[in-house]
Amino acid sequence: EQLTIYIEGDGLAVLHNQPSPDPTPPTPLTATGLQLALQHPENNAVYLARPCQYVMAEHQHHCEPSVWTSGRFSSQVIQATSVAVDNLKKRYRAQDLQLIGFSGGGAVAALVAATRDDVKQLITVAGNLDHRYWTNLHNITPLTGSLNAVDFHPQLKAIPQYHLVGENDSIIPPAMIKKTLCTFSPSPSIKIAILQDFDHNCCWAEQWPSLLSSL
């Protein structure tokens, strides 16, 4: 039995150029990872938010801003996510995993996959696979406490992968994904698809069932 796990993006990591007090996506419509999961065509799928998203204030014991800013892809975050994946896998009695990550969730999905041997497919949607490139591109603060997915290409190269990006995405532009995947050894199991008329948020959820069936 295979379980598909959708991993959410960074949510509201920054507000008015300062760390947000709560990284939870402001509305369900801004939670693209959730919207993708809701459009999954079968029942064997679950949604996994990022650490400290959707957590009530009284339960935010380890929720310091670094968790969703400079350390959003830290080893601690990846380990915590992998523990959550273990729990979901056990709960649903799954043997294999398909990980699907949106935006920053693509980085988390890739980093989790790099540490496991049960991920049979990795799909990223507008995935941030090289945060150094990304912070340089947008002239924003480097994610100094984070692992970088592109650095784990030796551990990832054996996993079948699809990396989807919108042609009009200015946040994660196609050039970024192309450059990142050039680091990987050429492999027929690693594919990129650039979607015409798509940007960072449009129109992934609306067309997700047909996109997923075409992979």
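The values are calculated or read from the model by the stated rules, or taken from the named source; none is laboratory data. Quick caveat, the model's predicted, so the values are computed rather than measured. All Cβ positions, even for glycine, are placed from backbone atoms using ideal geometry, and neighbour counts span all protein chains on display. Only protein heavy atoms, including side chains, enter the accessible area calculation; ligands, DNA and RNA are left aside. Shrake-Rupley method; radii C 1.70, N 1.55, O 1.52, S 1.80 Å.
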- [ ] Kindly state, to the nearest 0.05, the FRET efficiency for THR144 paired with ASN87, given R0 = 30 Å and r defined as their beta-carbon distance.
- [x] 0.50
Open item on the list: How much length would be gained if the chain were fully extended between LYS178 and THR115, taking 0.36 nm per residue of separation minus their Cα-Cα distance, in nm to one decimal?
Closed with: 20.3 nm
- [ ] Between beta-carbons, use under 15 Å as the cut-off and find the net charge around ALA45, counting Lys and Arg +1, Asp and Glu -1.
- [x] 0
- [ ] Could you give me the radius of gyration and the Dmax of the chain, taking only the C-alpha atoms into account and expressing both in angstrom?
- [x] 15.9, 48
Task: Charge context of GLY166, other residues only, Cβ under 11 angstrom, K/R +1, D/E -1 - done: -4
- [ ] Grab the Cα-Cα distance for ILE171 and LEU38, subtract it from 0.36 nm times how many residues apart they are, and report the gain in nm with one decimal.
- [x] 45.5 nm
- [ ] Return, in residue-number order, each cysteine of the chain whose C-beta is not under 4.7 Å from any other cysteine's C-beta.
- [x] CYS182
Task: Solvent-accessible area, 1.4 Å probe, carbon plus sulfur percent, for the chain - done: 52
- [ ] Give the percent of DSSP beta bridges with both residues in the stretch 1-140 that are antiparallel, rounded to the nearest 5.
- [x] 10
TODO: Please work out whether the stretch 110-215 counts as rounded, prolate or oblate from its C-alpha gyration tensor, where a ≥ b ≥ c are the square roots of the eigenvalues and a/c under 1.5 means rounded, while otherwise a/b larger than b/c means prolate and anything else oblate?
DONE: oblate
Open item on the list: Just to be sure I understand the model, the point goes 7 Å from the Cα along the line to the Cβ. What's the resulting ILE194 to GLN2 distance in nm?
Closed with: 2.8
- [ ] Kindly report the accessible area of the stretch 118-215 per residue (heavy atoms of protein chains, probe 1.4 Å, no ligands, DNA or RNA), in Å².
- [x] 48
Task: FRET efficiency, 1/(1 + (r/R0)^6) with R0 30 Å, evaluated for HIS59 and SER214 via beta carbons - done: 0.15
- [ ] May I ask for the net charge around LYS178, where only other residues with Cβ less than 14 Å from the Cβ of LYS178 are counted and Lys, Arg are +1 while Asp, Glu are -1?
- [x] -1
Task: 222 nm mean residue ellipticity, helices alone, for the chain (DSSP H n ≥ 4; -39,500 (n - 2.57); rounded to 500) - done: -9000 deg cm²/dmol
Open item on the list: Taking the Cα centroid of the stretch 103-148 and of the stretch 1-64, what is the distance between the two, rounded to the nearest whole Å?
Closed with: 15
- [ ] Mind giving me the nanometre distance, one decimal, between the label points for LEU29 and ARG132, set 7 Å out from Cα along Cα→Cβ?
- [x] 3.9
TODO: Taking every pair of Cα atoms in the stretch 1-106, average 1/r, invert it to obtain the Kirkwood radius, and report Rg/Rh to two decimals.
DONE: 0.97
